[in-house]
Amino acid sequence: MSRDTRLHRSGAAPTTTKHRPAIGAAMAAAIALVAGTVGAASAGTTTGIPGDLACGAVTTTSSNSGSAAAVTDCTAGTTWQSSTSSSAHVNINLGSTQALDHLTIVWGSGYATKFAVRTSPDGSSWHTQTTVTGGTGGTQTVALPAGVSARHVQLLLDDYAGSNGYVIDEVEVFGPGPTGTPSQSAGPTTSPTSTASPTPTTTPSAGVPQTVVLDGATLAATRARLQAGDPALTADLKTLRANADSALTAGPWSVTDKTQTPPSGDKHDYLSQAPYWWPTKPATASNPYGCPYVQKDGQRNPAVDDISDHKERAQMFNAVYSLTLAWYYTGDPTYAQRAELDLRTWFTNPATAMNPNLDYAQFIPCSTAVRGEGGIDFSQQFTDVIDATALLDNGAPGWTGADHTAMTNWYSAFLHWNRTSANGQAEFNATNNHGSFAAMEEAALAVATGQTDLARSLTTGVETRLLPGQLNPDGSQPQELARTRSFHYSAFNLLALTRLSMIGRHLGVDLWHYSTPAGGSIVKSVDYLIPAATGAASWNHPELDFQPYAATDVIHAAAAAGDPKAVAAQPKLPAPPGGDLWALRPAPEQLDPIS
């Protein structure tokens, strides 16, 4: 069957913008540390603390600018004092882009109890790197996230202790590596809520990865077990390395590989066809798709594979995840470097990068309907990519601050598309597994881009918006049981909800123990699958292709959360094809892909 290379579809419906949490007015009055000129920084470090990039830098402030130079004059013997306004700013210009690790603030008698640090490549577009609350003054060390590079650093001072404004003796800015010692020790050294960035090496740093679904502390403990030669992990590591070795020679992949062109005329837009929709007429020259199409739930139309984006997206996600985990556990730089190539090719290289939208995902030929359902192409697995980049931020060789920034910017743009586009909003408002995955993906993107309040709101929101209609008191999931692949989709919805529960752990939200007004819960719904998954009972609902291992990972996740029935079931769980790798990647995956 021949096809046109241009897929026709009318324009998307007008989009609306959802309201987002506002930044506090005082915080928005930016206090900028913009790191100084190359000459000043280089000259200053000879007389100040070794490695201090801000020593001798040109400095400006929001008030009392005559003493602004005291902030970066390489000595704690002089001070800058602001006016009594609750917001102020200090600008330090380093003159060139520098890799940044942390900064040290030596406070005088008036110190900030709340402030944020932001960075910028040009002094106009700013990115929040960390927020500090509960400041106690003295000498305060503020760690920056991994991989930060910038010419400008911005400190947002939000509130001060005392009655005479902010008083700063010195600000010192350091990159990775030897950092000297603080200018003085007038008080305790404290850190913000984020962890310090690791020093880039050919092996992972000793720090805990700031992953979103995966638990960084668990990963670090597992790596320590491997380094100690724990025989219980030997077989799993061999399997993981085999997967990663295969990925070394696959790809890289790009949305520009496809032969078709989306309706936008831009091959950088992702394109896929709805998998369960079929033609009703023979293809002809005047009707090349055989329209109109009808839905056959659970029956996959092989024609969807004619468009390469969907398949290549899955291959890329799997490869990046395996390669990055293999690097993290072994330290072999070839794994990290290949994952970096794959990520840059798909997301950040201008010649091959995907535009951050799914406007044409899961289109139905000859239909102009808004297709929110296409969001599942990414949401079902995109958190693997987010966690992979967090692992690379933990000291991967060749992974730079520019890479970190480029991926974070892509995440931000993609989150914005999800929150504001007609397709993204339709998917988010779905009440079945599609809505669960949309909420989970948006929460993960919000965490990855530093929007903690939004992430928390998205996570708690499912308690009233989704769970009461999804989870029956007996553990059944009525919307998924109505499908022709009811076991698959029951496990699939729980895949989204268990991942969201793991994201909630980072946010202080406990979805595992939440009960709906009727008594439904995520744990009960996992337990509902256990008899069929372990072979103790048959599955008495429609299922075109029953695969008991589909539920293995969600049962592992519930066991890790303390569910006694799941703990007892683990020894009886069937291993999925390719082996059970939960010990090395303890986050639920879709183990029986059908699309």
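The table for this structure:
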item: Rounded accessible area per residue of the chain, 1.4 Å, Å²; result: 38 Å²
item: Cα-based reach from residue 267 at 22 Å (exclusive), listing lysines while leaving out same-chain residues under 8 positions away; result: 258, 311
item: Isotropically averaged projected area of the stretch 485-583, using the convex hull of Cα atoms (one quarter of hull area), nm²; result: 6.8 nm²
item: Furthest towards positive pole of dipole, 511, 232, 131, structure part the chain, Cβ charges; result: 511
item: Residue-wise HN-Hα coupling along the stretch 446-461, computed from phi with Karplus coefficients 6.51, -1.76, 1.60 (Hz; x: Gly, Pro); result: 5, 4, 5, 9, x, 9, 5, 4, 5, 4, 5, 5, 5, 6, 5, x
item: Amide H partners (placed H, <5 Å) of residue 290, local residues excluded; result: 284
item: Ordering of 567-575, 247-255 by burial proxy (mean other Cβ atoms within 10 Å per residue, highest first); result: 247-255, 567-575
item: Angle in degrees between helix 216-227 and the longest Cα principal axis of the chain, rounded to the nearest 10; result: 90 degrees
item: Relative packing of 346-355, 582-591, 229-238, which averages over residues the other C-beta atoms within 10 Å, highest first; result: 582-591, 346-355, 229-238
item: Helix-only mean residue ellipticity at 222 nm for the chain, each DSSP H run of n ≥ 4 adding -39500 (n - 2.57), per residue, nearest 500; result: -10500 deg cm²/dmol
item: Calculated from backbone phi, Karplus (6.51, -1.76, 1.60) coupling profile of the stretch 317-325 in Hz, x at Gly/Pro; result: 4, 5, 5, 4, 5, 5, 4, 5, 5
item: Counted charge near residue 56, where neighbours are those whose Cβ lies closer than 14 Å (Asp, Glu -1; Lys, Arg +1); result: -4
item: Reachable lysines from residue 572, criterion Cα separation under 21 angstrom, eight or more residues apart if same chain; result: 524
item: Gyration tensor verdict on the stretch 47-153 (Cα atoms; rounded if a/c is under 1.5, prolate if a/b is larger than b/c, oblate otherwise); result: rounded
item: Carbon plus sulfur fraction of accessible area for the chain, probe 1.4 Å, in percent; result: 54 percent
item: Local net charge near residue 139, Cβ-Cβ under 13 Å (Lys/Arg +1, Asp/Glu -1); result: -3
item: Tilt relative to the chain, helix 401-420 - C-alpha long axis, 0 to 90 degrees, to 10; result: 50 degrees
item: Solvent exposure ordering (accessible area, 1.4 Å, most first) of 366, 291; result: 366, 291
item: Charge tally in the Cβ shell below 12 Å around residue 338, where Lys, Arg are +1 and Asp, Glu are -1, residue 338 excluded; result: -3
item: Matching label, P(r) over Cα pairs in 20 Å bins from 0, in percent computed from the structure shown, candidates (1) 17, 44, 34, 4, 0; (2) 13, 30, 29, 21, 7, 0; (3) 19, 48, 28, 5, 0; result: (3)
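The values are calculated or read from the model by the stated rules, or taken from the named source; none is laboratory data. Quick caveat: nothing in here was measured; it's all calculated off a predicted structure. For neighbour counting, all protein chains shown are included, and Cβ atoms are generated from backbone atoms with ideal geometry for every residue, glycine included. For accessibility, only protein heavy atoms count, side chains too; no ligands or nucleic acids. Shrake-Rupley method; radii C 1.70, N 1.55, O 1.52, S 1.80 Å.
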